[in-house]
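Below is one structure; the comments refer to it alone.
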Amino acid sequence: MTDSAFPKLRSRAWFDNSENIDMTALYLERYLNFGLSLKELRSGKPVIGIAQTGSDLSPCNRHHLVLAERIREGIREAGGIALEFPVHPIQETGKRPTAGLDRNLAYLGLVELLYGYPIDGVVLTTGCDKTTPACLMAAATVNIPAIALSVGPMLNGWHRGERTGSGTIVWKAREMLAAGEIDDEGFIKLVSSSAPSTGYCNTMGTATTMNSLAEALGMMLPGSAAIPAPYRDRQEAAYHTGKRIVEMVAEDLKPSDILTREAFLNAIVVNSAIGGSTNAPIHLNAIARHIGVSLDIADWQEHGHDVPLLVNLQPAGEYLGEDYYRAGGVPAVVAQLISRGLITESALTVNGKTIGENCRTAEIEDEAVIRPFDRPLSEASGFLVLRGNLFDAAIMKTSVIGEEFRGRYLSNPQDPNAFEGPVVVFDGPEDYHARIDDPALGITEHSLLVMRGAGPIGYPGAAEVVNMRPPAYLIRAGIHALPCIGDGRQSGTSASPSILNAAPEAAAMGGLALLRTGDRVRIDLGRCTAEMLVPPEELAARRAALEAEGGYPYPAAQTPWQQIQRTLVGQLDTGAILEGSEQFQRIAQTQGLPRDNH
Ligand SMILES: CC(C)(O)[C@@H](O)C(=O)O
């Protein structure tokens with residue numbers, strides 16, 4: 001690509017501004033100090049950022065340190081200058097109290113970098129759960145040409161001839177440990193078998209979900225989301241991604257051209273077909289708010305619920321990431337959905353073509369892993385959005401409601417969609433771990449488990465702690481899942497039928513704050529309701545008493561960011577963004593350039 005192919009580049013205001021030579025010299029000299037030449041910086045080539053999310057702190061994304069070399073080669077070959085810089089690391093399994101705190105922090109940092117430095121376009125190196133939405137939220141806010149590159153899942157895990165999938169095996173192994181089927185060493189060995197290589201969760205956890213949805217949104221090269229991290233194809237995708245971002249700058253193809261409401265609705269449909277994570281609505285709603293597209297939690301049920309489950313990956317199914325890629329990945333799934341008119345084909349994607357052009361003819365390579373539309377794993381497999389006096393909104397992933405659960409809770413011929421029972425309430429995971437096996441709680445197969453104090457304000461950060469196994473004595477009796485309800489999140493790798501992301505949370509005095517162990521709760525999946533069967537006057541009295549005590553109690557903030565986020569964060573149904581931040585939209589176009597620094 002010739003240098004004249006590029007439109008007015010924002011990096012020129014730093015490196016090539018004859019009207020402000022005082023500052024141009026200052027901006028140039030430090031970017032020369034590691035070997036870039038004046039000719040390169042002043043020849044009209046676009047400066048492409050590589051937003052690096054990989055580090056030793058974030059093993060899931062660490063392979064991006066290697067992939068960045070191939071991204072650079074693509075950028076250079078297409079006529080751009082690459083500048084790589086770090087993004088605040090996020091590792092879902094490493095960060096305490098929860099990586100839920102870090103998405104908005106990484107978002108804020110990345111907005112400042114993309115806006116405040118001489119960057120004309122950016123490669124977003126996505127991967128572990130929240131790195132993907134953090135990057136896409138920032139790209140939406142700044143609105144310079146942006147393309148995502150997934151780091152890819154780990155290779156399949158194996159143990160004694162069986163696939164062991166990230167996260168999913170942890171929840172299973174916890175049950176086995178509780179039931180005395182394995183010891184501590186066996187527990188660690190079994191769990192570690194699921195992590196055989198570099199990359200993120202090999203299950204349809206939040207990472208594979210969010211990268212699949214980034215591709216479905218049009219923000220990633222078609223066919224690239226599912227490539228396992230160590231495969232050579234992944235390196236090749238990095239090179240093509242680097243090349244393509246330079247062309248995107250020449251075409252001025254921006255996130256706002258791609259992230260339309262149609263693109264979000266396409267992603268909701270894809271999420272149901274892949275059996276995606278319950279974290280997806282939080283993150284997609286957040287991205288939509290930052291690009292200024294109207295997307296409501298109700299859209300997830302309206303557009304997603306009736307879509308069948310096509311991808312046979314754990315936790316809803318059997319297979320893992322290598323199989324998903326081999327079977328055709330996102331394009332094969334989208335082609336099936338297109339065949340039934342469920343995808344708006346005209347939605348534009350980063351390669352300059354529409355999703356219809358990219359995917360229409362993609363074939364399934366292995367029907368055991370990706371099912372054709374007329375032979376799904378299950379019908380109507382998207383999320384339900386439940387409401388009632390327990391919360392204004394919470395979601396339930398129906399694709400993980402298995403036969404055991406259905407038979408126990410959803411088999412009353414008079415009322416096949418509803419169940420009710422007494423609740424056992426836990427205030428945070430410490431309370432749950434300490435008491436779950438206590439026979440005095442009297443948990444039976446009719447009980448519902450509730451976890452509260454786990455939301456964006458209460459935890460703080462909304463932790464993946466609404467993952468509650470039944471007590472060991474029930475597991476030994478063959479009861480593997482009790483209905484769980486909570487104001488926190490759940491790992492995307494969990495197959496536990498749960499009602500999650502309840503908003504408002506207990507810490508914001510949502511209905512969950514008023515619930516007491518022993519109360520009965522009724523869940524009606526037909527009417528989409530979740531109700532405490534407690535008289536309204538009793539609930540009003542409980543609310544007044546709790547308010548008099550200062551509200552639902554939660555621990556003090558331990559760090560400055562915990563405190564800041566707590567005061568600004570919204571609830572999970574509306575994306576848990578920093579409220580007010582969505583007013584700053586498309587700032588590369590609406591805010592002009594930032595002022596000079598000297
Ligand atoms: C497995 C984890 C860490 O819980 C997460 O990656 C998810 O899938 O939600």
*Cα-Cα over 26 Å: which of LYS45/LYS130; LYS130/LYS172; LYS39/LYS243; LYS243/LYS353; LYS254/LYS397; LYS189/LYS397?*
LYS45/LYS130; LYS254/LYS397; LYS189/LYS397
*Check ARG387: other-chain or 5+ apart residues with amide H under 5 Å from its amide H, H built from backbone geometry?*
THR529, ALA530
*Where no second cysteine Cβ lies under 4.7 Å, the cysteines concerned in the chain*: CYS135, CYS201, CYS359, CYS484, CYS528
*If you find the alpha carbon centre of region 464-486 and of region 378-399, how far apart are they in angstrom?*
19 Å
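May I ask you to compute the full-extension gain from GLU365 to ILE21, defined as 0.36 nm times their residue separation minus their alpha-carbon distance, rounded to one decimal in nm? Walk me through the numbers on the way to the answer.
Values: separation 344, 0.36 × 344 = 123.84 nm, distance 5.84 nm.
Difference between extended and current length: 118.0 nm.
Rounded to a whole number of µm²/s, how large is the Stokes-Einstein D of the chain at 37 °C and 0.692 mPa s, given Rh as the Kirkwood radius over C-alpha pairs? The partial results should precede the final answer.
Values: Rh = 24.6 Å.
My calculation gives 133 µm²/s for D.
Region 458-567: which GluC sites (Glu not before Pro) are DSSP loop and have at most 12 other beta-carbon atoms within 10 angstrom?
On the way: sites: GLU464, GLU505, GLU531, GLU537, GLU538, GLU547, GLU549; in loops: GLU464, GLU505, GLU549.
Answer by residue number: GLU549.
Of all the accessible heavy-atom surface of region 278-419, with the other protein chains kept in place and a 1.4 Å probe, what percent is carbon and sulfur?
On the way: 2260 of 5300 Å².
Using a 1.4 Å probe with all protein chains present, region 278-419 comes out at 43 percent carbon and sulfur.
To the nearest whole percent, what portion of all C-alpha pairs in region 222-305 is separated by more than 22 angstrom? Write out the running numbers ahead of the final one.
Details: 1488 of 3486 pairs.
That tail contains 43 percent of the Cα-Cα pairs.
Can you work out the FRET efficiency for the pair GLU430 and LYS8, with r the C-beta to C-beta distance and R0 = 51 Å, to the nearest 0.05? Walk me through the numbers on the way to the answer.
Numbers: r = 56 Å, r/R0 = 1.10.
For GLU430 and LYS8, the calculated efficiency is 0.35.
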*Based on the Cβ-Cβ distance of LYS39 and ARG340, what FRET efficiency does E = 1/(1 + (r/R0)^6) give at R0 = 56 Å, to the nearest 0.05?*
0.55
*Residue separation times 0.36 nm, minus the C-alpha to C-alpha distance between GLU162 and ALA545: what's the value?*
132.6 nm
_Computed [θ] at 222 nm, deg cm²/dmol, the chain (DSSP H ≥ 4; -39,500 (n - 2.57); rounded to nearest 500)_ = -10500 deg cm²/dmol
_Please list, short to long, the whole-number percent of alpha-carbon pairs of region 139-240 in consecutive 10 angstrom bins beginning at zero._
16, 37, 26, 15, 6, 1
*asked:* Can you compute 3J(HN,Hα) from phi for each residue in region 107-118, using the Karplus curve 6.51 cos²θ - 1.76 cosθ + 1.60 with θ = phi - 60°, rounded to whole Hz and x for Gly and Pro?
replied: 4, 4, x, 5, 4, 4, 5, 5, 7, x, 10, x
*Could you give the accessible area per residue of the chain, probe 1.4 Å, as a whole number in Å²?*
38 Å²
*Rounded, prolate or oblate: which fits region 260-364 when a ≥ b ≥ c are the square roots of the eigenvalues of the alpha-carbon gyration tensor, with rounded for a/c under 1.5 and prolate only if a/b beats b/c?*
oblate
*asked:* For a test of the definition: using alpha carbon positions, the gyration tensor, and the 1.5 limit on a/c, classify region 502-575 as rounded, prolate or oblate.
replied: oblate
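Tell me whether region 383-549 comes out rounded, prolate or oblate; compute the Cα gyration tensor, take square roots of the eigenvalues as a ≥ b ≥ c, and use a/c under 1.5 as the rounded threshold. Provide the component values of the computation, followed by the final result.
Values: a/c = 1.40, a/b = 1.25, b/c = 1.12.
Rounded.
The values are calculated or read from the model by the stated rules, or taken from the named source; none is laboratory data. Just so you know, these numbers come straight off a predicted model, no measurement behind them. Cβ sites come from the backbone with ideal geometry, for glycine too, and all protein chains shown count toward neighbours. SASA here: full protein model, heavy atoms, side chains in, ligands and nucleic acids out. Shrake-Rupley method; radii C 1.70, N 1.55, O 1.52, S 1.80 Å.
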